[in-house]
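Enquirer: This structure is in structure tokens; I'll ask about it shortly.
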Amino acid sequence: MKLRLKIISIFLVSIAISVIVFFYTTSYLVEHVAWKGINFEMMDKAVAEAQTKISLLSKIEENKIQIIGEEVAEKYQGMIIEAISKDESWYLTTAKTQQIKTVHEMLNHLSEHNKYQQKQWSVAKEVTTQNGESMYVLVIVPQEHFRLLYWHINGDQGLKVTRTIVSAGFMITLTVSTFCAFIFSRSMLKRFNHLYHGIAQFGLGNTKVTVDDKKKDEIGELVHTFNQMAYKINEQVEVQKEQENKRRELVSNISHDLRTPLSSIVGYTESLRNGIYDDEAEQNQYLEIIYKKALYTEKLLGELLDFSRLECGALTLYKEKVDLAELTRAVLIEYLPSMEERQIELGVDIEEGIALVEIDKAQISRVIRNLLDNAIKYGSQGKIIRVSIKRYSNRVELWVMDKGQGIPKDALEHIFERFYRVDKSRNTKEGGMGLGLAIVDEIIKKHKGTISVASETGDGTTITVVIPIEKS
Ligand code: ADP
């Protein structure tokens, strides 16, 4: 649920709860506190009942009147029933002590009724028995039993009570809403704290941090965005670390790769300079070695230079319409002597006709050379290298296959990466810097083509290059 919707629902729920609580507390207070007790109507009823019963007596008999009083007092709890003879010769009460003893006192008391400060309220009636004797019967109610909210005699107090009830209701409502707000804000604060903690950790350099909050509201979305951001930055940091490692590895590899042939060159040159050779044949052999090592060093440096040019985007293609079949044949001719020397059989499977593609001739020649170099370097033991070219309406495919050592499965996905070599030892005398296929890949990508590899360990390798035919 969205946060705004949540706040509105919580607001409405807290209002509903408050209204219900307010309603129940006020009605409880009214019913059990303010409305409880005796009012004048009840007192009138009681006095009328006593009056009726006494009026049925044949004459005034104090003990019977006392009984009637007790009965009425019993029925109307909280009331005191009293009687005074007209001549004030006797009086009776259901209380412990007589409250009103004289007619004068009774009249005074009745006249005080509209004043709230009274300690007790009373109503009185004159009663005449069957024989015509008269007396007064009184119903007295002490303050604690009188109804608190009795507006027409008790306005001030009623207002006070109402105020108290309303304030109590408000207090309860306020407490309920505060409680709801507290519960809601507590969960929100907890989530914000969580996020804050995550951000703080992130700030301290822990880029792997993720904050757990699966809720779908705005805070949840904020957390999700933070997690995504942290994830991306972490990824970048990892890539940077990896690049840093690779750079370090590169420096050490280049140094190693260049040092080996250079040491030989230095060693053999030293021998020649100091005349440490037996005859002219040996001298020529040393010169040959120096020449080969120098060529190898030049090749490595060339690769490195090409790669750095490619990497910084400095390579510009000079495209022209070229027959890839013809170009491949021309390159293959260069390789015939070295294949022959290694007793490698070359199979050429190039379809008749021309395979015209828009390419940079020099760069694609380099691709073919690189693939052939690899096929010879790593596949010569299979003694067969096959080169095929297939034409399709929208592309031309160049296949270079060998039956050599093959590439292990786990290395397949890496061979186009820069500086990747299956043989990590870098001691292979034929091995390069692991840049050949990375350069090939870059060149093919620049031609909007693709390159792929299929290989089985011990069963050779096939590299397929696809170059699209651009419709003009
Ligand atoms: P390098 O300059 O070391 O030859 P490449 O980028 O040309 O580097 O090739 C990367 C790695 O892929 C090589 O080190 C080699 O282990 C493997 N590789 C490439 N071509 C072949 C192949 N035809 N047969 C077996 N392994 C190959």
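The values are calculated or read from the model by the stated rules, or taken from the named source; none is laboratory data. Please read these numbers as outputs of a predicted model, since none were measured by experiment. Neighbour counts are summed over all protein chains in view; Cβ atoms, including those assigned to glycine, are modelled from backbone coordinates with ideal geometry.
Enquirer: Across region 52-72, what is the total count of residues that are in contact with a Lys or Arg (Cβ under 7 Å, 6 or more places away or on another chain) and surrounded by fewer than 13 Cβ atoms within 10 Å (Cβ to Cβ)?
Expert: If we filter region 52-72 for residues that are in contact with a Lys or Arg (Cβ under 7 Å, 6 or more places away or on another chain), which is where we start, we get 57, 68.
After this cut, where a residue has to be surrounded by fewer than 13 Cβ atoms within 10 Å (Cβ to Cβ) as well, the list is none.
Within region 52-72, residues that are in contact with a Lys or Arg (Cβ under 7 Å, 6 or more places away or on another chain) and surrounded by fewer than 13 Cβ atoms within 10 Å (Cβ to Cβ) number 0.
Enquirer: Inspect region 32-50 for any residue being under 30 Å from Glu221 (Cα atoms) and exposed (fewer than 14 other Cβ atoms within 10 Å of the Cβ) and give the result as yes or no. Talk me through it step by step, then tell me what you get.
Expert: Initial filter on region 32-50 (under 30 Å from Glu221 (Cα atoms)): none.
No, region 32-50 has no match at all.
Enquirer: So, one more: Among the numbered conditions (1) more than 19 Å from Ile67 (Cβ to Cβ); (2) at pLDDT 90 or above, tell me where Ser111 comes up short.
Expert: (2)
Enquirer: On to the next question. Quick one: Ile384 ticks every box in (1) more than 8 Å from the ligand (Cβ to nearest atom); (2) within 20 Å of Pro468 (Cβ to Cβ) bar one, so which box is it?
Expert: (2)
Enquirer: Being of a type in the set (Val, Ile, Thr) and within 12 Å of the ligand (Cβ to nearest atom) is the filter; apply it to region 350-379 and report the residue that is nearest to Gly436 (Cα to Cα).
Expert: Filtering region 350-379 for residues of a type in the set (Val, Ile, Thr) gives 350, 354, 357, 359, 364, 367-368, 376.
Going one step further and asking which of them are within 12 Å of the ligand (Cβ to nearest atom), we end up with 367, 376.
Working: Val367: 9, Ile376: 13 Å.
Filtering first and then ranking leaves Val367.
Enquirer: Report every pair of residues separated by at least 6 positions or lying on different chains whose Cβ atoms are under 6 Å apart, first residue within region 92-112 and without any contact (Cβ under 8 Å) to a residue 12 or more places away in the chain, second surrounded by 15 or more Cβ atoms within 10 Å (Cβ to Cβ).
Expert: Cβ pairs passing all conditions: Glu112/Gln118.
Enquirer: Looking only at residues in region 299-342 that are within 16 Å of the ligand (Cβ to nearest atom), more than 56 Å from the chain's Cα centre (by Cα) and loosely packed, with under 15 Cβ neighbours inside 10 Å, which one is nearest to Ile384 (Cα to Cα)?
Expert: Arg342
Enquirer: Keeping to region 321-369, report how many residues are of a type outside the set (Asp, Glu) and in contact (Cβ under 8 Å) with a residue 60 or more places away in the chain.
Expert: Initially, region 321-369 is screened for residues of a type outside the set (Asp, Glu), giving 321-322, 324-325, 327-333, 335-339, 342-344, 346-348, 350, 353-357, 359, 361-369.
With the extra rule that they be in contact (Cβ under 8 Å) with a residue 60 or more places away in the chain, the set shrinks to 324-325, 328, 356-357, 359, 363-364, 366-367.
So the count comes out to 10.
Enquirer: Among the candidates Leu258, Leu272, Leu262, Leu204, which residue alone is farther than 30 Å from Lys6 by Cβ and in contact (Cβ under 8 Å) with a residue 40 or more places away in the chain? Walk me through it before giving the result.
Expert: Numbers: Leu272 fails: in contact (Cβ under 8 Å) with a residue 40 or more places away in the chain; Leu262 fails: in contact (Cβ under 8 Å) with a residue 40 or more places away in the chain; Leu204 fails: in contact (Cβ under 8 Å) with a residue 40 or more places away in the chain.
Residue meeting the stated conditions: Leu258.
Enquirer: Testing Val422 on (1) touching a Pro at 6+ places or on another chain (Cβ under 9 Å); (2) more than 8 Å from the ligand (Cβ to nearest atom), one condition comes back false. Which one is that?
Expert: (2)
Enquirer: Now for a different question. Among what's in region 266-288 and is touching a helix residue (DSSP H, G or I) at 6+ places or on another chain (Cβ under 8 Å) and in a helix (DSSP H, G or I), pick the residue that is surrounded by the most Cβ atoms within 10 Å (Cβ to Cβ).
Expert: Checked region 266-288; the qualifying residue surrounded by the most Cβ atoms within 10 Å (Cβ to Cβ) is Tyr268.
Enquirer: Please pick out the residue among Tyr296, Tyr291 that is exposed (fewer than 14 other Cβ atoms within 10 Å of the Cβ) and aromatic (Phe, Trp, Tyr).
Expert: Tyr291
Enquirer: When Glu413 is evaluated against the numbered criteria (1) modelled with pLDDT of 90 or more; (2) within 11 Å of the ligand (Cβ to nearest atom), which criterion, by number, is the only one it fails?
Expert: With respect to (1) modelled with pLDDT of 90 or more; (2) within 11 Å of the ligand (Cβ to nearest atom), Glu413 is out only on (2).
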